[in-house]
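One structure is given here, and the rest of the page talks about it.
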Amino acid sequence: MRSQLKKKLILGLLLAGLIAWPLTSLYGYATRHEDNPGAERLLYQVSLFQIELLNRFLQDSAQPMDTRQLDSLKQTLYSASYTHERLVLALGKDNVDPLHSLPLFMQYILRLQIGGERALKAEEKNVLQEAAKLFAGLHEAYGKLMASSGSIVSSQSKTVSEIDEKLKSLLEKKLLQ
């Protein structure tokens, strides 16, 4: 009788272990995601950092005197454009729109610098100032683009797209002159 009781006890413990093991694994999997942000969230944070840097450079260099002073702005534009493109690839174009103004802005700066080191004209300075004002709004909306849950806030996405379109239009006009 004792041997039958031992067998039932061992069988019961094995059965309990087989049930408990997957349950603890599922619980660990579910709680682990709450503590660790997803790759998309981390990529958004990197992209936001680049947009913040770009905004700071635009605000600081709203009054550049010559084309040489635009080098830092050009490099920051490239970094912001690159990281946002990767965010769009990661999240999909259905969720996040590309920022078409950033490559155009880079083209505009390259166009200003093609003639070599020279003083900027008043009209060119005005374009940079207007672009800085528009980009400040884009930066504000971009900071609210992703919720803490990792989902895209559609109203902020729309605002970012609208400001991007205004900036794109401004730069296209200047590039076609």
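For the range 136-150, 3J(HN,Hα) computed residue by residue from phi via the Karplus equation (6.51, -1.76, 1.60; θ = phi - 60°) reads 4, x, 4, 4, 4, 5, 5, x, 10, 5, 10, 6, 4, 6, x Hz, glycine and proline entered as x.
Charging the Cβ of each Asp and Glu at -1 and of each Lys and Arg at +1, and nothing else, the dipole of the range 29-177 about its Cα centre rounds to 280 debye. Close amide H partners of D66, meaning residues 5 or more places away or on another chain with modelled amide H under 5 Å apart, are L120. Checking the cross-link pairs K121/K158; K93/K125; K74/K166; K93/K133 against a 22 Å limit on the alpha carbon distance flags K121/K158; K93/K125; K93/K133 as lying beyond it. Need one number: the % of Cα-Cα pairs in the range 120-163 sitting beyond the 13 Å mark. That tail contains 58 percent of the Cα-Cα pairs. Sorting H139, H100 by accessible area puts them as H100, H139; the probe is 1.4 Å, largest comes first, and only protein heavy atoms count.
How large is Rg over Rh for the range 60-172, taking Rg from the Cα atoms and Rh as the Kirkwood inverse mean of 1/r across Cα pairs?
Values: Rg = 15.0 Å, Rh = 14.9 Å.
The Rg/Rh ratio comes out at 1.01.
A simple count of charges around S154, restricted to other residues whose Cβ falls under 12 Å of its Cβ and scoring Lys, Arg +1 and Asp, Glu -1, yields 0. Close amide H contacts of V153 (hydrogens built in the peptide plane, cut-off under 5 Å, sequence separation of 5 or more or a different chain): M146, A147.
Straight distance only, please: which aspartates and glutamates reach the Cα of K168 with their own Cα at less than 18 Å, same-chain residues fewer than 8 apart left out? Those aspartates and glutamates meeting the cut-off are E85, D97, E123, E124, E130, E140. Using θ = phi - 60° in the Karplus curve 6.51 cos²θ - 1.76 cosθ + 1.60, the 3J(HN,Hα) couplings for the range 81-95 round to 5, 4, 5, 5, 4, 5, 5, 4, 5, 6, 9, x, 5, 6, 9 Hz; x is entered for Gly and Pro.
The values are calculated or read from the model by the stated rules, or taken from the named source; none is laboratory data. Since the structure is predicted, the reported quantities are computational estimates derived from the model, not experimental observations. Please note: Cβ atoms are built from the backbone with ideal geometry, for glycine as well, and neighbour counts cover all protein chains shown. Accessible surface is based on the protein model in full, side chains and every heavy atom, while ligands, DNA and RNA are left aside. Shrake-Rupley method; radii C 1.70, N 1.55, O 1.52, S 1.80 Å.
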